[in-house]
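Working notes, structure below.
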Amino acid sequence: MNLLIIGQHGQVARELAAVAWPESIRVTQLGRATFDLARPAQFRTILEGGPWDLIVNAGAYTAVDRAESEPGEAFAINRDGPAALAGWCSENRVPLIHLSTDYVFDGTNHRPYVESDPVRPINVYGQSKAEGESAVRAALVTHVILRTSWVYSAHGRNFVKSMLRLAAERDELRIVRDQTGLPTAAPEIARAIAAMVRRIAAGEPIDWGTYHFTGAGETTWYGFASYLLETSKAFGGRCPRITPISTREFPTPAARPLNSRLECSKWRYSFDQELRPWRESCREIVRTLMHEAETPEAVTPENGTPETGTPETKPRMTS
Ligand SMILES: NC(=O)c1ccc[n+]([C@@H]2O[C@H](COP(=O)([O-])OP(=O)(O)OC[C@H]3O[C@@H](n4cnc5c(N)ncnc54)[C@H](OP(=O)(O)O)[C@@H]3O)[C@@H](O)[C@H]2O)c1
């Protein structure tokens with residue numbers, strides 16, 4: 001089987017590159033420089049030239065706050081690109097695994113969201129992802145839309161890395177405590193995608209459609225920060241005072257859903273896999289990052305400033 005993965009340097013994309021794929025699955029991974037989702041005419045040529053049996057789209061516009069002032073770019077990458085991609089997949093009978101987000105929901109539910117709940121995004125990023133989902137569904141039967149949330153890893157830009165950097169610089173961190181969600185480690189998402197790919201490659205039946213996949217165990221951004229900084233302390237990190245604040249005290253360009261919890265039973269039953277507790281994954285990633293911090297040559301340019309706002313009050317909270 002020839003598997004094409006779109007996205008190369010993103011959190012999920014990098015973990016997909018680290019999967020121990022069986023020899024029978026030949027993987028080609030293309031980053032934005034070669035496969036730009038905002039340029040369908042160009043990427044169609046790449047699709048036409050390949051022997052693809054299955055495509056995973058791990059590329060997306062993920063700058064939640066910036067999307068409010070760059071809607072054109074967000075919609076081009078998150079809606080129009082996936083629409084064209086799914087259209088090509090339909091014409092050529094190639095299945096597509098496409099990633100999406102909890103931010104397609106408005107967060108007003110009092111229970112975790114199930115796959116069939118109606119979407120109602122409250123920011124531009126969520127709207128662009130929701131419309132991307134609709135476009136994929138409309139164009140292609142053989143699709144999986146995998147919604148996940150609060151993604152973090154040892155690479156790229158994310159909440160865990162922002163927190164560790166800020167903890168080294170500040171004596172107090174003020175963190176939102178009234179948004180609830182499910183942190184998800186990018187290696188776990190890669191594991192979930194690999195399970196689907198293996199099943200498709202083996203010709204086993206799969207129920208096409210939408211799935212939710214996250215880490216196990218809910219928390220708030222405040223709970224997430226408290227746990228990861230406590231953990232980093234065990235590896236020699238600083239643990240400043242953490243003050244819980246409300247969303248109201250933390251204005252951001254993009255509104256965030258208060259309830260980001262995704263119900264993942266459908267995934268668990270369909271793929272017979274348990275979700276990994278987010279604390280376990282978080283501990284591993286914090287340990288890796290703390291070790292890298294002690295080894296200057298291991299630090300990469302990606303360990304930079306998060307895109308959003310001033311450091312103390314606006315760590316990157318992406319979904
Ligand atoms: N981050 C989160 O908290 C979060 C939460 C819920 C859902 N998700 C979803 O999960 C998926 C993966 O997210 P992530 O955290 O891995 O994102 P990320 O770290 O921000 O990486 C984004 C990826 O998108 C690629 N990309 C950006 N613009 C592109 C373009 N014009 N054409 C092609 N590729 C482009 C980047 O390409 P290069 O590799 O070439 O740089 C990179 O691989 C996305 O669908 C996202 O919406 C993320």
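The values are calculated or read from the model by the stated rules, or taken from the named source; none is laboratory data. What you are looking at is a predicted structure, and each value in this text was computed from that prediction instead of being measured. Here the Cβ is made from the backbone with ideal geometry for all residues, glycine too, and neighbour counts use every protein chain on show. Accessible surface areas use protein heavy atoms only, side chains included; no ligands, DNA or RNA. Shrake-Rupley method; radii C 1.70, N 1.55, O 1.52, S 1.80 Å.
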- Task: Give me the angle, in degrees from 0 to 90, between the Cα long axis of helix 159-169 and the longest principal axis of the Cα atoms of the chain, rounded to the nearest 10.
- Result: 30 degrees
- Over the stretch 1-127, with every protein chain in place, what whole percent of the accessible area is carbon and sulfur at 1.4 Å, could you tell me? 49 percent
- Hey, what's the stretch 129-213 come to in accessible area per residue, 1.4 Å probe, Å²? 31 Å²
- Expressed as a whole percentage, what fraction of the accessible surface of the stretch 158-256 belongs to carbon and sulfur atoms when a 1.4 Å probe is rolled over the protein heavy atoms? 49 percent
- Message: Compute the angle between helix 81-92 and the longest alpha-carbon principal axis of the chain, please, reported from 0 to 90 degrees and rounded to the nearest 10.
- Response: 30 degrees
- Message: Need the C-alpha centroid separation for the stretch 220-269 versus the stretch 20-62, integer Å.
- Response: 32 Å
- Message: Antiparallel versus total DSSP beta bridges in the chain: what percent is that, nearest 5?
- Response: 5 percent
- Task: Report, by chain and number, residues whose modeled amide H sits under 5 Å from the one on Thr210, excluding near sequence neighbours (fewer than 5 apart, same chain).
- Result: Ile145
- Item | Burial ranking of peptide ranges 16-25, 51-60, 170-179, 74-83 (average Cβ count within 10 Å, highest at the top) | 74-83, 51-60, 170-179, 16-25
- HN-Hα couplings for the stretch 197-207 via Karplus (6.51, -1.76, 1.60; θ = phi - 60°), in whole Hz with x for Gly/Pro, come out as 4, 4, 5, 5, 4, 7, x, 7, x, 9, 7
- Could you state the number of Å between the C-alpha centres of the stretch 85-118 and the stretch 138-173? 18 Å
- Item | Lys, Arg +1 and Asp, Glu -1 on Cβ, resulting dipole of the chain about Cα centre, debye, nearest 20 | 300 debye
- Query: In what sequence, highest mean first, do 193-201, 219-227 appear when ranked by Cβ atoms within 10 angstrom?
  - Reply: 219-227, 193-201
